[in-house]
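Asker: Below: one structure in structure tokens.
The values are calculated or read from the model by the stated rules, or taken from the named source; none is laboratory data. Quick caveat, the model's predicted, so the values are computed rather than measured. Every residue, glycine among them, receives a Cβ derived from its backbone with ideal geometry; neighbour counts consider all protein chains shown. Areas reflect the complete protein model, heavy atoms only, side chains present, ligands, DNA and RNA absent. Shrake-Rupley method; radii C 1.70, N 1.55, O 1.52, S 1.80 Å.
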Amino acid sequence: MKLTKAENQLVEKLVAHYAENQSKLKTFLLDQISPVLVNSTQLGECVHSFKWRLKEPSHLRDKLKRKYEECKEKKKRFTITPDNLFVKINDLVGIRILHLHTRQIAKIDKILRELFEEGRFRIIEGPFAKTWDDETKSFFDEIGIRTRQSGPSMYTSVHYVIDSNSRTRYTAEIQVRTLAEELWGEVAHTIDYPTPSKSLACKEQIRVLARVTSSCTRLVDSIFRSHEEFNSSGKK
Amino acid sequence: MKLKKSKGLGTRIAIFNHKGGVGKTTLTVNIAAALAKSGKRILLVDSDPQCNLTAYLVEESVVNDLLDHSDSPDGKTLWSAVKPVVDALGEPKSIPTYEVAERLYLLPGDVRLAEFEQELHSLWGECFQRRSKGFRGTTALSDIVSKTVKQHSIDYVFYDSGPNIGALNRVILLDCDYFIIPAACDLFSLRAITTLGHTLAKWINDWDTISDLAPSTTELLEGHPKLLGFIPQRFRVYGGVPAGHYAKFIPLLEKRIQADVVNVLKKIDETLVPASAFPLRMGEIKDFSSLASASQTEGVPFFDVAATTDIQRDEATESFQKLADAIVKRTGKPASV
């Protein structure tokens, strides 16, 4: 459902408010969260690499419009205001932590919780794992990380939202995923996001890629598991 | 932008200009003394590593003794007070005040405050990183002042600052409720105003970012120094009117302050600049050249100088009293009885 002029004005006001505060969010990201993660040797031992970004204002505009239109269609109130923008939209600051194989997440989760506490950040959402694979789901169940069904996009990763716990509350989204999942994510994000691709072939192939990269992660898991098993039996 | 309101631990004022030789220390001493005379309780904080204020008001042998022992555990200067923070041993230490006159107290300065200033550079960076050490160091001087204010029921605190825009002056200005710009009537003073306004705006904005992102229980500086006005000085006077050469600088100074301080600060927050009822110029101090040097030699405010004429002394007393009254009026405190 198209937005009215006044509704569009609110979206613009929110985007402008974000742009005005981008330098603070940049400090939050680059000086406060990232160093805590990057400087941890413990985390470094089980992480392959880190990525981070601030949301492009134009992407925020698209997201807000989409949300507003959804609200109108479902006859719900659109409740985002400049005062709650940084708490309602959690991915203005985004950090991605990449690792090699699935079982590393147990250790990563433990270290992240410690680091967030030390940095006096509050986890306000998650962790939960988005997955569509039953075997992966039962692994997460086993280590106590809640799971959610991926949905039609087949998107996967473990999510956290942290809060700055300060005078003005800022939030950041943290995603943890394997390198193979990242390959799928990057391709899908480029071709199919934010506007879905209109090519059936591309859509099909991206869905196939999700299965291939999931198998790839599963293969890496298996290699590491075999390697560990072989080493420990060798010592005996 | 939303800025916090004052916490009310003594009204804190800096007579600040990073341009040297504009009479910061002389103005500070004399205004403070005038306020003390009119019944206010005043604390002078010698936060200039050159410690001119301390040398001004304290006997030389005592100053030497203070400086010689400031690094020891029983040290009594501002350096002794902040040293535990620099050494990362904990909270700042309480130091005794030096009673200069009735109701007029001094926290003695120290040449080693230059070392504290070095440390403040990295502590500032640590505030951006939300590290508690950064906040502790950045608010150390303010904490010491707060303790003294409580102890002596101080009404007004005056910081004396060095002529620069360094890390020490940054924490001083951000701790102040008000600042006053002393300005000489010359070209260099005029140029300095531009840097002053923009630097202050950056300090306030940076501190706002730091405060906004600091963990919620952190002790913070107020970060809201309001401009009280400016004081032109050191011009010669003939027949009570500023002489030609100097007189032409006053409107130029006023214009520059309006453009590069008032307008710049106003963009951050309307309450950072004087209410429209108050003219920017708070008063003026003429060149009491012989009186200034005599006052420094004798270590007393102008009105207590022995080696001068009654006329000159009375004239000086009146000028500073007027400024003191203007400060009381502008800071919203009731006039003294």
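Asker: Roll a 1.4 Å probe over the protein heavy atoms and report the accessible area of A:Leu115 in Å², nearest 10.
Answerer: A:Leu115 exposes around 20 Å² with every protein chain in place.
Asker: Could I ask something else about it? Hey, what angle do you get for helix A:57-73 against the long axis of chain A, alpha-carbon based, 0 to 90 degrees rounded to 10?
Answerer: 80
Asker: Apply the a/c threshold of 1.5 to the C-alpha gyration tensor of the protein assembly as shown and tell me whether it is rounded, prolate or oblate. Before the final figure, lay out each step's value.
Answerer: On the way: a/c = 3.52, a/b = 2.11, b/c = 1.67.
The shape class here is prolate.
Asker: Still on this structure: In what sequence, largest accessible area first, do A:Asp141, B:Asp175, B:Asp71 appear using a 1.4 Å probe? Walk me through the numbers on the way to the answer.
Answerer: Details: A:Asp141 85, B:Asp175 5, B:Asp71 65 Å².
Result, largest first: A:Asp141, B:Asp71, B:Asp175.
Asker: Please report, in debye to the nearest 20, how large the charge dipole of the protein assembly as shown is about its Cα centre when each Lys and Arg carries +1 at its beta carbon and each Asp and Glu carries -1 there.
Answerer: Values: 80 positive and 73 negative charges, 581 e Å.
Roughly 2800 debye for the protein assembly as shown.
Asker: Let me ask something else. Can you put A:Glu12, A:Glu182, A:Glu173 in order of accessible area, largest first, using a 1.4 Å probe? Display every interim value, and only then the final one.
Answerer: Working: A:Glu12 75, A:Glu182 15, A:Glu173 35 Å².
From most exposed to least exposed: A:Glu12, A:Glu173, A:Glu182.
Asker: Now, a different point. Between B:Arg281 and residues 5 or more places away or on another chain, which pairs have amide H atoms under 5 Å apart, with H built 1.01 Å from N, and which residues are they?
Answerer: B:Phe230
Asker: Something else about it: Given an 8 Å cut-off on Cα distances and at least 6 residues of separation, report the relative contact order of region B:263-331 as a percent.
Answerer: Details: 41 pairs, mean separation 18.7, N = 69.
Over region B:263-331, the number comes to 27 percent.
Asker: Between 0 and 90 degrees, rounded to the nearest ten: what's the tilt of helix A:105-118 against the longest Cα principal axis of chain A?
Answerer: Roughly 50 degrees between the two axes.
Asker: Could you pull the accessible area for A:Glu228 with a 1.4 Å probe, rounded to 10 Å²?
Answerer: Looks like 90 Å² after rounding.
Asker: Here is a further query. Pick from A:Lys74, A:Lys13, A:Lys107: which residue has the top mean-square fluctuation in a GNM of chain A where Cα pairs under 10 Å get a spring?
Answerer: The residue that fluctuates most here is A:Lys74.
Asker: Classify chain B from the C-alpha gyration tensor, please: rounded if a/c falls under 1.5, else prolate or oblate depending on whether a/b exceeds b/c.
Answerer: Working: a/c = 1.75, a/b = 1.21, b/c = 1.45.
Verdict is oblate for chain B.
Asker: Here is a further query. Could you point to the residue in A:Thr213, A:Ile223, A:Trp184 farthest towards the positive end of region A:133-224's charge dipole, with +1 and -1 charges on the Cβ of Lys/Arg and Asp/Glu respectively?
Answerer: Final value for the positive-end residue is A:Trp184.
Asker: Considering only the other residues whose Cβ falls under 10 Å of the Cβ of B:Arg41, what net charge follows from Lys and Arg at +1 and Asp and Glu at -1? Numbers along the way, then the final one.
Answerer: Values: positive: B:Lys40, B:Arg103; negative: B:Glu102, B:Asp155.
Net charge around B:Arg41: 0.
Asker: Assign unit charges at the C-beta atoms only (+1 for Lys and Arg, -1 for Asp and Glu), then state the dipole size of region A:44-142 relative to its Cα centre in Debye, rounded to the nearest 20. Before the final figure, lay out each step's value.
Answerer: Details: 23 positive and 18 negative charges, 148 e Å.
Result for region A:44-142 is approximately 700 debye, rounded to the nearest 20.
Asker: Of the beta bridges DSSP finds with both residues in the protein assembly as shown, what % are antiparallel, to the nearest 5? Before the final figure, lay out each step's value.
Answerer: On the way: 24 of 60 bridges.
For the protein assembly as shown, the DSSP antiparallel bridge percentage is about 40.
Asker: Please list, in chain and number order, the residues 5+ apart from B:Val45 or on another chain whose amide H is under 5 Å from its amide H, with Hs placed from the backbone.
Answerer: Amide H neighbours of B:Val45: B:Leu107, B:Phe158, B:Tyr159, B:Asp160.
Asker: Taking the Cα centre of chain A as the origin, how large is its charge dipole in debye, to the nearest 20, when only Lys and Arg (+1) and Asp and Glu (-1) carry charge on their Cβ atoms? Kindly include the intermediate steps, with their values, before the conclusion.
Answerer: Numbers: 41 positive and 32 negative charges, 167 e Å.
Here chain A has a charge dipole of around 800 debye.
Asker: Follow-up. What is the set of long-range amide H partners of B:Val100 at a cut-off below 5 Å, with H atoms built 1.01 Å from backbone N?
Answerer: B:Tyr105, B:Leu106
Asker: Continuing with the same structure: Within region A:133-157, what residues put their amide N at less than 15 Å from the label point 7 Å along the Cα-to-Cβ vector of A:Ala106?
Answerer: Under 15 Å, as judged by backbone N against the label point of A:Ala106, lie A:136-146 of region A:133-157.
Asker: Still on this model: Starting from the Cα gyration tensor of region A:112-230, take the square roots of the eigenvalues, sort them a ≥ b ≥ c, and report rounded, prolate or oblate (rounded when a/c is under 1.5, otherwise prolate if a/b is larger than b/c, else oblate).
Answerer: Numbers: a/c = 2.34, a/b = 1.25, b/c = 1.87.
Here region A:112-230 falls in the oblate category.
Asker: Okay, next question. Over 30 Å between Cα atoms, which of B:Lys133/B:Lys255; A:Lys75/A:Lys130; B:Lys202/B:Lys286; B:Lys37/B:Lys76; B:Lys76/B:Lys267 qualify?
Answerer: B:Lys133/B:Lys255; B:Lys202/B:Lys286; B:Lys76/B:Lys267
Asker: Also, I was wondering about something else. Hey, if you put +1 on the Cβ of every Lys and Arg and -1 on every Asp and Glu Cβ in chain B, which of B:Leu27, B:Leu220, B:Ala101 ends up farthest toward the positive end of that dipole?
Answerer: Toward the positive end, the furthest listed residue is B:Leu220.
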